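Engineer: This is the structure, below, for whatever I ask next.
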Amino acid sequence: MSSSASRSAGRIDAPHAKLLAPTDGTVELLDEEDVRIFTQFWAQPKHPSSFDTLHVSTGRLSSNAAAALEGYLRGPALTVPFEELVIDDAELVLGSRPSLESAFAGLRRIDAVDIKGAGPRARNLLKSLQAPLASVVLEFLPLERDPGRSDPHARNPIALLANFQATLESLFVCGGDITSAAPARYPKVLSVTLRNAGLPRTAHLVQAFPALETLQIHCSPTALGEDVAALDAPRAANLTPTSWRKPLDHVHGTLSSLFVLHLQGGARGVRVAADMFTPLMLVTVLADTRPQALALEQLRLEHVADITFGALMSNPVLRPLDTLELLVELDEHAGMLTGLPRELDAMINALRVLRIRSFSLTLACTFSSGQPRQPGAVPSYSPEAAVRDLKFRELADRLREAVPSVQNLVMLLVTHPTRSPESVVVGQCEELMAYRMCQIYSAVPA
């Protein structure tokens, strides 16, 4: 930062000093006063830019403020090598002045964009932008608020980001829809995340992102519906011979999303959130992917204590498995059938058939705090008390005895109302998700 910038920063109030001398490389414009101070200061040629990220979060601007921002974008900003441009409520910001779209689109030195609340104006910006973007984060307006929703390509990132086919490496889209085909191809993209997405056509993903390594997908509940049987038709639409040339490195998604996607090419690591848990759906997804590492999340104790879980562990689709991670949520119904210790033992017995090297079990308490009780009444069974009294290390010992092939083990108990987080860690576990959770909860044993 230049000495003149430092002196100028000292003459304004502290909340605005960060606009002139940002300590983290980010200038965030929150309101019109920020825009006025920022554009006046950085418009002066003698001030070299000391920031690499511009974050516009002002909402709709007045005519004067929008004109000032446009003046900066068409002047001094053209010489700034931005690492990232962030625009919140993009339709409001860009709607402040008709020519703001082209002013932002005129920036040529940007590595990444993060646009939230994207609608017609943001789409126009992206279609006009010629910067060599390597990363795009794009969150669309809710479907019911998007005037362009009737256009099949309007929310399709493959069609919308065609200017960046040669440079794009990473893509995160919320509210997108990849049901329509688009001719664009992104040979450098290694990571794609689709959240709250429409039901995608797998063939379109394969054709657009041939070098993909990591895929995260969470389809919109509205698109999926609530009936498991309704997923058969969209899955059938993805039963094509098209697949990636090599297995994906990592796939993460809801069980229903992965079931619909039908990933025939396989994946080395699979992380599944059990939004619609049925053993048959899970077996189908595992038969598609044949993972070496599997993480199952959003499980309930009844899922892993049921006889069908034992059948799943014995299924041939798990023969390649080397690593298994389970995240089990313990709610107010946990252990109601036969008691917590017996249901945990049933889970351990189901795991005996495995020949895995690494295993983790996270027990996360989600007890409801508002359960009505009669004054003075003591329930015959209390999951909260059962977990409080659980002999956690003995549970770990029983698991190691049941599955002697396990060399790396993480056991973690968290979010109990009265019991502190507790963990057991054996071996080299740094790559396990549960070990990272141990660090978050400060529960890594000394």
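Engineer: Compute the separation of the alpha-carbon centres of region 315-349 and region 115-138 and state it in Å as a whole number.
Structural biologist: 44 Å
Engineer: Taking the Cα centroid of region 262-284 and of region 168-192, what is the distance between the two, rounded to the nearest whole Å?
Structural biologist: 22 Å
Engineer: Another question, then. Among 283, 254, 42, whose Cα lies farthest out toward the positive end of the dipole of the chain, if unit charges sit on the beta carbon of Lys, Arg (+1) and Asp, Glu (-1)?
Structural biologist: Farthest towards the positive pole: 42.
Engineer: If you count only protein heavy atoms with a 1.4 Å probe, what accessible area per residue comes out for the chain, rounded to a whole Å²?
Structural biologist: Using a 1.4 Å probe on heavy atoms only, each residue of the chain averages 45 Å².
Engineer: Additional query: Antiparallel DSSP bridges in the chain: what percent, to the nearest 5?
Structural biologist: Restricted to the chain, the bridges split so that about 5 percent are antiparallel.
Engineer: Return the calculated 222 nm mean residue ellipticity for the chain, to the nearest 500 deg cm²/dmol, obtained by summing -39500 (n - 2.57) across DSSP H runs with n ≥ 4 and dividing by the residue count.
Structural biologist: -8500 deg cm²/dmol
Engineer: Quick query: amide H of residue 180 versus all other amide H atoms, modeled in the peptide plane; which residues come in under 5 Å with a sequence gap of 5 or more or a different chain?
Structural biologist: Excluding prolines and chain starts, which carry no amide H, there are no hits.
Engineer: Right, next: Could you tell me which of 53, 296, 244 has its Cα farthest along the dipole of the chain towards the positive end, charges placed at Cβ (Lys, Arg +1; Asp, Glu -1), taken about the Cα centre?
Structural biologist: 244
Engineer: For region 21-31, take each phi angle, set θ = phi - 60°, evaluate the Karplus expression 6.51 cos²θ - 1.76 cosθ + 1.60, and give the result in whole Hz per residue in order, putting x for glycine and proline.
Structural biologist: 3J(HN,Hα) across region 21-31, in whole Hz: 9, x, 7, 10, x, 10, 9, 10, 9, 9, 7.
Engineer: Just the number, please: carbon plus sulfur as a percent of the accessible area of the chain, 1.4 Å probe, no ligands or DNA/RNA counted.
Structural biologist: With neighbouring chains kept in place, the figure for the chain is 51 percent.
Engineer: When Rg is the radius of gyration of the Cα atoms in region 127-257 and Rh is its Kirkwood radius, what does Rg/Rh come to?
Structural biologist: 0.95
Engineer: How big is region 60-170 on each of its three principal axes, counting only the C-alpha atoms and giving the largest first in Å?
Structural biologist: The Cα atoms of region 60-170 stretch 37, 32, 17 Å along their principal axes.
Engineer: If r is the Cβ-Cβ distance from residue 228 to residue 44 and R0 is 45 Å, what FRET efficiency results, to the nearest 0.05?
Structural biologist: Between residue 228 and residue 44 the formula returns 0.10.
Engineer: In 5 Å bins starting at zero, report the fraction of Cα pairs in region 94-149 per bin as a rounded %.
Structural biologist: That works out to 4, 19, 29, 26, 15, 6, 1, in percent per bin.
Engineer: Please state the charge dipole magnitude for the chain, taken about the Cα centre, from unit charges on C-beta atoms (+1 on K and R, -1 on D and E), reported in debye and rounded to the nearest 20.
Structural biologist: Around 1000 debye, computed over the chain.
Engineer: I would also like to ask the following. Whose amide H sits under 5 Å from the amide H of residue 86, counting only residues 5 or more places off or on another chain, with H placed in the peptide plane?
Structural biologist: 54, 55, 56, 114
Engineer: At a Förster radius of 41 Å, what calculated FRET efficiency corresponds to the Cβ-Cβ distance of residue 315 and residue 436, to the nearest 0.05?
Structural biologist: Calculated transfer efficiency: 0.90.
Engineer: Binning every alpha carbon pair distance of region 206-342 at 5 Å from zero, what are the percents per bin?
Structural biologist: The distribution over region 206-342 is 2, 9, 19, 22, 20, 14, 7, 3, 1, 1, 0, given as percents.
Engineer: What whole-number distance in Å separates the alpha-carbon centres of region 211-231 and region 49-78?
Structural biologist: 38 Å
Engineer: With a cut-off of 11 Å, note down the residues of region 225-262 whose backbone N falls inside the zone around a label point 7 Å from the Cα of residue 275 toward its beta carbon.
Structural biologist: Zone members listed by number: 225-226, 253-260.
Engineer: For the chain, what number results from the quotient of the Cα radius of gyration and 2.2 N^0.38 Å?
Structural biologist: The reported ratio for this selection is 1.17.
Engineer: Can you spot the lysines whose alpha carbon is less than 16 Å from residue 246's alpha carbon? Ignore those fewer than 8 places along the same chain.
Structural biologist: 188
Engineer: Further, regarding this structure: Once R0 is set to 25 Å, what does the formula 1/(1 + (r/R0)^6) return for the Cβ-Cβ distance between residue 287 and residue 211, expressed as a FRET efficiency to the nearest 0.05?
Structural biologist: Efficiency for this residue pair is about 0.50.
The values are calculated or read from the model by the stated rules, or taken from the named source; none is laboratory data. What you see is a predicted model; the values in this text were computed from it and never measured. Positions of Cβ are backbone-derived with ideal geometry, glycine not excepted, and every protein chain shown enters the neighbour counts. For accessibility, only protein heavy atoms count, side chains too; no ligands or nucleic acids. Shrake-Rupley method; radii C 1.70, N 1.55, O 1.52, S 1.80 Å.
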